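Chemist: Pasting a structure below so you can have a look.
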Amino acid sequence: MTTEPNTSAPCASGEGGSVVISVDAMGGDRGPSVVVAGMAESAMKNPEIRFVVHGDESQLGHLISRRKELAGRCDIRHAAGVVTMDDKPSQIVRKGSDTSMWSALESVRAGEAGAAVSCGNTGALMALSMLRLRKLPGVNRPAIACLWPSKNPGGFNVMLDVGADIRADASDLLKYALMGASYARNGLDIPDPRIGLLNVGTEEHKGRAELKHANDLIAAAAEAGHFRYVGFVEGGDLPSSRVDVIVTDGFTGNIALKTGEGTAKLVGEFLRQAFANSILSKFAALLAMTSLKRLQKRIDPRRVNGGIFLGLNGTVVKSHGSADATGVSAAIKLAFQLTKSGFQDRLAARVAQSAATLPLGTESGGATS
């Protein structure tokens, strides 16, 4: 079985070796009650989790005290400010030091928590994450990775970038491939992930110049990176069993993600209309209820809630702003799993290794730590 480079740094842990997750309780559309409910759901399923919870102390103290699953497992950090969905990232970077989002990231930066989870404003979260945690050495552009329903045995493929940065040159796409492989290995338990580079066709002569260059770089890095490179893939391969990780720039990835979400909703609406069309169709729906519930569970977006920010000096999981308790719990589960696996240190080692072996002239300028 292939493993990541061995590292000795332990993950942030609490009493008895428990894993500590930092939670921004005030971000999101549904308020802190739903976030606390998601924490309780996670705590009930996993006795190893402890939390550092950030937000209004009076509200959080009341909500947490009502959840017996959270008794003795939460440290509350008061933060008066809240990052709203309408706030501009530039404003939050300048004036957001009193917010729950900033405070949640500080716990990771200080090493008291292994990962941060937030349902808040994506742009602000990425901007603050880059400001407080900084980029890994050798990473020019961080990426957001999401899980895409697929025909693979595990049910999902990884796709990145889905919106951290609209640009990506060849060396950025190589880093995405390495980070995506590390995520698949540690988050999805895929020993030798298959990587595909999203393009307008699978032929090697197709695509922009940076894609052709990235194709060569990723292919050359496959053996040292312990992944299998399948070459160019097309949009139809996103849910296929041909790959485990799809690499693309943030502009393309975000459009693909939003298109997929919109199509899934449209298909769901069409199915509801079809089964409600007549008495006969309602009876058919009743007969098919077991299969429909199985399908609903498989494509339930709450089960894959949580886009992870890759390329930073710390693990950050972005939950959907409209997530319910089940969705928040899923994001926390992802943060816990990655923290316990030592994902962050392994990812940093893999990126550093690639930076040392890249041919001269392929690194993007301006990479900082």
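Chemist: Can you confirm whether the range 49-62 contains a residue that is in contact with a Leu (Cβ under 8 Å, 6 or more places away or on another chain) and either open to solvent by 10 Å² or more (accessible area, probe 1.4 Å) or part of a loop (DSSP other than H, G, I, E, B) (or both)?
Modeler: Going residue by residue through the range 49-62, those that are in contact with a Leu (Cβ under 8 Å, 6 or more places away or on another chain) are 51, 53.
Of the ones still in play, those that are also either open to solvent by 10 Å² or more (accessible area, probe 1.4 Å) or part of a loop (DSSP other than H, G, I, E, B) (or both) are none.
There is no residue in the range 49-62 that is in contact with a Leu (Cβ under 8 Å, 6 or more places away or on another chain) and either open to solvent by 10 Å² or more (accessible area, probe 1.4 Å) or part of a loop (DSSP other than H, G, I, E, B) (or both).
Chemist: Could you tell me whether the range 152-159 includes any residue that is farther than 22 Å from Arg141 by Cα, polar (S, T, N, Q) and open to solvent by 20 Å² or more (accessible area, probe 1.4 Å)?
Modeler: Here is the first cut: in the range 152-159, the ones farther than 22 Å from Arg141 by Cα are 152-156.
Next cut, polar (S, T, N, Q) only: 152.
Filter once more, keeping what is open to solvent by 20 Å² or more (accessible area, probe 1.4 Å): none.
No, the range 152-159 contains no residue that is farther than 22 Å from Arg141 by Cα, polar (S, T, N, Q) and open to solvent by 20 Å² or more (accessible area, probe 1.4 Å).
A quick yes/no check of all residues on (1) among the basic types (Lys, Arg); (2) in contact with a Ser or Thr (Cβ under 7 Å, 6 or more places away or on another chain); (3) more than 23 Å from Met179 (Cα to Cα); (4) buried (at least 16 other Cβ atoms within 10 Å of the Cβ):
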residue	(1), (2), (3), (4)
Leu217	no, yes, no, yes
Ala221	no, yes, no, yes
Ala224	no, yes, no, no
Tyr229	no, no, no, yes
Leu238	no, no, no, yes
Phe251	no, no, no, no
Lys258	yes, no, no, no
Ala264	no, no, yes, no
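Chemist: Something else now. Are any residues in the range 23-48 buried (at least 20 other Cβ atoms within 10 Å of the Cβ) and polar (S, T, N, Q), and if so, which ones?
Modeler: Answer for the range 23-48, where residues must be buried (at least 20 other Cβ atoms within 10 Å of the Cβ) and polar (S, T, N, Q): just Ser42.
Chemist: Pairs needed: first member in the range 96-112, part of a loop (DSSP other than H, G, I, E, B); second member anywhere, surrounded by fewer than 21 Cβ atoms within 10 Å (Cβ to Cβ); C-beta distance under 6 Å; at least 6 residues apart or different chains.
Modeler: As it stands, the answer is Asp98/Ala80; Asp98/Gly81, since those pairs meet every condition given.
The values are calculated or read from the model by the stated rules, or taken from the named source; none is laboratory data. Owing to the predicted nature of the structure, the values given are computational and were not obtained by experimental measurement. All Cβ positions, even for glycine, are placed from backbone atoms using ideal geometry, and neighbour counts span all protein chains on display. For the accessible areas, the whole protein counts, side chains as well, though only heavy atoms, and no ligand, DNA or RNA atoms are used. Shrake-Rupley method; radii C 1.70, N 1.55, O 1.52, S 1.80 Å.
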